[in-house]
Amino acid sequence: KPPAIYYLNAFALRLGRGLRWGIWLVEFVFLFAAITASFSLLKKLWGFAPALFGVFVWLWGLDFTLEGGNFTEEYPLVFHFLALLLLLELTRRPEHRFFNWTLGLLLSMSFLFRPNNILVEVLVILVLLTSLLFQKNFRAFWASAFWIALGVLIPIGVTSAYLAWHGLFNAMFEASILYNLTYGGTALT
């Protein structure tokens, strides 16, 4: 697994003084943030009642998926909903540097939890950049691409440098990237 889940679990265990309560608290914070972001997104799109229903439905489905929690897929949910919220904002103000940078940051943070979790952020970025190309707004396209790339590179670069400094980069790369590529390419029996 990539490093973010280890850092988060270490922080949570420290917070809970070695007990699982710390992990449960961190899970609650991430889940509450995801609920809040998804409700805000759905409310902006369709109103209060559909937003409430939508949150209820995805939480009900999530209960079947998590099987007790602390999965790497659980934590980036908030990043996915925030990326979709940012897409709504960036369609109105595509050159907003902070929003573009934050979008890249969200992709990077999802990647650090699990590389195949980044699909939502990648699609949001592709939709944004493609729409700017179709609008022939090349200035906004290049500005968005620059700030998004900067947002992606900073956390991955800092994490990679830290792991390389401690001689762990190759082990992390093998465990989180190569293993997942090999595992994903094998047939289930």
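When the accessible area of the stretch 1-160 is split by element with a 1.4 Å probe, what percent falls to carbon and sulfur? After summing per-atom areas, the C and S share lands at 75 percent. Taking 0.36 nm per residue of sequence separation and removing the Cα-Cα distance, the W60/A161 pair yields an extension gain of 32.4 nm. Take the Cα of F39, step 7 Å along the line toward its Cβ, and report every residue of the stretch 78-96 whose backbone nitrogen sits under 19 Å from that point. Label zone hits: 78-86.
Computed on the chain, with alpha-carbon pairs under 8 angstrom and 6+ residues apart, the relative contact order is 23 percent.
Taking a 1.4 Å probe, which of L15, L128 shows the most accessible area, and what order do the others take after it? Working shown, then result.
Working: L15 85, L128 0 Å².
Largest accessible area first, the residues go L15, L128.
Distance between the 7 Å Cα→Cβ label points at L181 and V29: 3.4 nm.
Taking a point 7 Å from the Cα of L153 along the Cα-to-Cβ direction, the residues of the stretch 80-123 with backbone N closer than 20 Å to it are 95-112, 122.
Per residue, the accessible area of the stretch 33-189 comes to 60 Å², computed with a 1.4 Å probe over protein heavy atoms only. With a cut-off of 17 Å on the backbone N, the residues of the stretch 1-29 near the modelled label site 7 Å out from L168 along Cα-Cβ are 1-15.
The values are calculated or read from the model by the stated rules, or taken from the named source; none is laboratory data. In this text, all values refer to a predicted model and were calculated from it rather than measured experimentally. Because the Cβ atoms are built from the backbone with ideal geometry, glycine has one as well, and the counts that use them run over all protein chains shown. In case anyone asks, the SASA skips ligands and DNA or RNA and just uses the protein heavy atoms, side chains included. Shrake-Rupley method; radii C 1.70, N 1.55, O 1.52, S 1.80 Å.
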